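Colleague: The structure is given below, and queries will be raised subsequently.
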Amino acid sequence: MIISRNTYAERAHYCLSPIAKNLFQLMDEKKTNLALSADVTSAQQLLKLADLLGPEICVLKTHIDIIEDFTPELTQQLRKLALKHRFLIFEDRKFADIGNTVKHQYEGGMYHIADWADIVNAHSLPGPGIIKGLAEVGRKKNRGLILLAEMSSAGHLINSDYMQSTLKMAEQFADFVIGFITQHALSKDPHWINLTPGVKLEDDQDKFGQQYVTPMKAIMEHGSDVIIVGRGIIKANDPLEEAQKYREKGWESYLQRCRK
Ligand code: S5P
């Protein structure tokens with residue numbers, strides 16, 4: 001079990017990536033380790049959620065390709081909200097191809113992801129070329145990359161060798177890779193940020209095998225730094241009130257971890 005007792009502010013000093021430093025500082029100053037997974041399908045819903053919940057979160061995670069009425073105006077509006085409320089935008093694109101292809105997917109196409117997303121993620125499966133391809137676009141824009149080290153879904157094919165190899169790959173690009181999507185912290189190195197999806201106030205499952213842990217368990221037992229919450233918040237009757245509950249649980253767990 002790897003659990004960091006250091007504060008986010010302390011860990012910011014160790015970051016080689018400017019965006020990782022920025023995220024740690026933002027969490028420390030805003031006092032939130034909650035990321036919202038804003039998995040909605042209309043531009044208006046996405047902007048409404050970002051504006052309403054922006055004050056509670058450190059990261060807004062998007063799936064831009066599920067938006068049915070996408071226009072570039074949407075991403076401009078999101079950037080304005082990111083500035084207004086001070087959160088980072090993480091496009092959960094899960095790149096998984098050779099370097100040359102992901103470079104185009106990141107930079108161009110319909111979405112021009114690199115122009116508006118502070119952070120993107122990728123599978124390590126294809127090998128280091130995927131990071132090289134993304135870094136060619138992202139480095140000059142001061143963007144950050146998260147590698148998927150472990151998934152939350154039942155029956156995934158990732159084992160501990162895969163996780164360790166993902167960590168080794170990340171170590172070669174520590175100025176660009178900021179951390180991991182993972183259920184468990186992978187390394188004692190303080191600069192890696194561990195972001196954990198599959199979080200709800202109660203342990204639960206969905207009908208597709210999504211597995212949930214509580215904020216307390218993710219942070220105190222599994223060494224997570226950022227809890228990523230989607231349906232737990234966006235399907236609630238009062239998403240703002242619910243986001244505040246997750247924020248409190250997440251922050252309290254982090255403070256307890258630092259005190260221990
Ligand atoms: O292993 C993973 C990785 C990710 S990024 N498991 C996940 O669930 N995710 C994403 O987190 C998923 O794509 C979704 O956007 C979010 C979880 O949403 P929730 O509604 O289950 O909280």
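Colleague: As a test of the definition: which semi-axes, in Å, follow for the chain when you take the square root of five times each eigenvalue of its alpha carbon gyration tensor? Largest first, please.
Modeller: Those come to 24, 23, 18 Å.
Colleague: Could you work out which residue, out of D225, D206, D175, moves most in a Gaussian network model of the chain, that is, has the largest mean-square fluctuation with Cα springs under 10 Å?
Modeller: With Cα springs under 10 Å in the chain, the top fluctuation among D225, D206, D175 is at D206.
Colleague: Let's test the formula: R0 of 22 Å, r as the Cβ-Cβ distance of F208 and D65. What FRET efficiency results, to the nearest 0.05? Kindly include the intermediate steps, with their values, before the conclusion.
Modeller: Numbers: r = 18 Å, r/R0 = 0.83.
So the FRET efficiency works out to roughly 0.75.
Colleague: Output the Kirkwood hydrodynamic radius of segment 9-154, Cα pairs only, in Å rounded to one decimal.
Modeller: 15.7
Colleague: With each label point set 7 Å from Cα along the Cα-Cβ vector, what nm distance links M1 and K217?
Modeller: 1.3
Colleague: Could you work out the relative contact order of segment 133-242, using alpha carbon pairs under 8 angstrom and six or more residues apart, expressed as a whole percent?
Modeller: Reported relative contact order: 22 percent.
Colleague: A further question follows. For H104 and L16, compute 0.36 nm times the residue count separating them, minus their Cα-Cα distance, and round to one decimal in nm.
Modeller: Numbers: separation 88, 0.36 × 88 = 31.68 nm, distance 2.55 nm.
So the chain would gain 29.1 nm between H104 and L16.
Colleague: Would you mind checking which residues have amide H under 5 Å from N121's amide H? H placed 1.01 Å from N; only 5 or more apart, or other chain.
Modeller: R93, K94, F95, I146
Colleague: Further, regarding this structure: Defining a contact as two alpha carbons under 8 Å apart and six or more residues distant in sequence, what relative contact order in percent does segment 47-205 show?
Modeller: Computed value for segment 47-205: 16 percent relative contact order.
Colleague: To make sure I understand the rule: partners must be lysines, Cα under 16 Å from the Cα of K31, and not fewer than 8 residues away in the same chain. Which ones qualify?
Modeller: Counting by Cα, and skipping residues close in sequence, K31 has these lysines nearby: K21, K245, K249.
Colleague: If you filter segment 203-237 for trypsin sites (Lys or Arg not before Pro), then keep DSSP loop positions with at most 13 other Cβ within 10 Å, what is left?
Modeller: K207, K235
Colleague: Where does segment 121-183 land on Rg(C-alpha)/(2.2 N^0.38 Å)?
Modeller: Scaled against compact globular proteins, the figure is 1.09.
Colleague: Below 15 angstrom from the Cβ of F90, what's the summed charge of the other residues (Lys, Arg +1; Asp, Glu -1)?
Modeller: Working: positive: K61, R79, R86, R93, K94, K141, R143; negative: D39, D65, E91, D92, D115, D118, D225.
After counting each charged neighbour, the total is 0.
Colleague: Per DSSP H run of n ≥ 4, the term is -39500 (n - 2.57); total these for the chain, divide by its residue number, and report the mean residue ellipticity at 222 nm rounded to 500 deg cm²/dmol.
Modeller: Rounded to the nearest 500, the figure is -11500 deg cm²/dmol.
FYI, it's all coordinate maths here, none of it is from the lab. As the structure is a prediction and not an experimental result, all values here were calculated from the model. FYI the Cβ positions are ideal-geometry reconstructions off the backbone, even for glycines, and counts take in every protein chain you see.
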